[in-house]
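Enquirer: A single structure is presented below for examination.
The values are calculated or read from the model by the stated rules, or taken from the named source; none is laboratory data. Just so you know, these numbers come straight off a predicted model, no measurement behind them. With ideal geometry, Cβ positions are generated from the backbone for all residues, glycine too; neighbour counts draw on all protein chains shown.
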Amino acid sequence: MNANEAIGAKVKQLRMDKNLTLKQLSEASGLSIGFLSQFERGLSSIALDSLEKLAEIMEVSLFDLLEKKPSASGNDPVCHHVDLLPTEISPEIYQYMLGTPDTDFILLPRIYLLLPFAEATTVSEPYVHEGEEFIYVLEGVVTVYLEENQYVLYPGDSIHILSTQPHNWMNRTNKIARILTVNTPNPLHHPEAEEKMNQE
């Protein structure tokens with residue numbers, strides 16, 4: 001059973017335990033019935049933000065839904081490029097988690113692959129969330145929308161913002177772009193790990 005199948009199976013079991021239909025879960029999460037059905041069968045991957053929403057509905061932590069994949073050595077702290085697997089956020093955006101999400105860390109690093117979207121006639125809806133966000137452009141040109149302003153970032157450019165400010169980003173060119181993002185707090189961070197650290 002791969003990671004997608006394992007997580008989908010957990011969500012399905014939790015949904016059934018709470019006597020929720022796919023339609024009810026769809027209405028509560030904003031995700032389509034068709035997508036949820038495929039996700040529960042391990043046929044579709046899911047964005048971290050959407051998975052976090054499902055965890056809230058099921059009244060469990062995001063940590064409880066994620067299956068931690070042990071490394072070959074059992075204790076390898078290195079994130080190997082060959083192990084990176086993409087998760088589709090939208091038809092234009094793919095996300096790569098940098099290593100197995102570690103609940104001991106308060107930072108969440110990710111790489112996003114932004115497909116060309118030069119023909120877009122609308123701007124992605126800005127959103128807000130808790131914490132801070134750092135964005136570094138690895139490849140291509142990315143437009144960052146921050147409150148009423150927009151900034152064009154080129155390879156080597158970066159921006160550090162408060163995530164409580166309305167923001168979003170897009171690739172509005174005809175070439176692929178890649179960005180490294182670091183968010184805090186880490187939604188996968190397990191409170192018990194922090195409590196243990198404070199006690200030591």
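Enquirer: Within the range 169-186, work out how many residues are within 15 Å of TYR94 (Cα to Cα) and either in contact with a Ser or Thr (Cβ under 7 Å, 6 or more places away or on another chain) or crowded, with 16+ Cβ neighbours inside 10 Å (or both).
Expert: Counting residues in the range 169-186 that are within 15 Å of TYR94 (Cα to Cα) and either in contact with a Ser or Thr (Cβ under 7 Å, 6 or more places away or on another chain) or crowded, with 16+ Cβ neighbours inside 10 Å (or both) gives 8.
Enquirer: Can you spot a residue in the range 151-162 that is among the β-branched types (Val, Ile, Thr) and closer than 24 Å to GLU52 by Cα?
Expert: Yes, because at least one residue in the range 151-162 is among the β-branched types (Val, Ile, Thr) and closer than 24 Å to GLU52 by Cα.
Enquirer: Could you pull out every one of the strands (runs of 3 or more DSSP E) wholly within the range 40-146 that has 1 or more residues that are surrounded by fewer than 13 Cβ atoms within 10 Å (Cβ to Cβ) and modelled with pLDDT under 90?
Expert: 86-90
Enquirer: Another question, if that's okay. Out of all the residues in the range 147-156, which are modelled with pLDDT under 95 and either part of a loop (DSSP other than H, G, I, E, B) or in contact with a Gly (Cβ under 7 Å, 6 or more places away or on another chain) (or both)?
Expert: Once the filter is applied, which keeps residues that are modelled with pLDDT under 95 and either part of a loop (DSSP other than H, G, I, E, B) or in contact with a Gly (Cβ under 7 Å, 6 or more places away or on another chain) (or both), the range 147-156 yields GLU147, GLU148.
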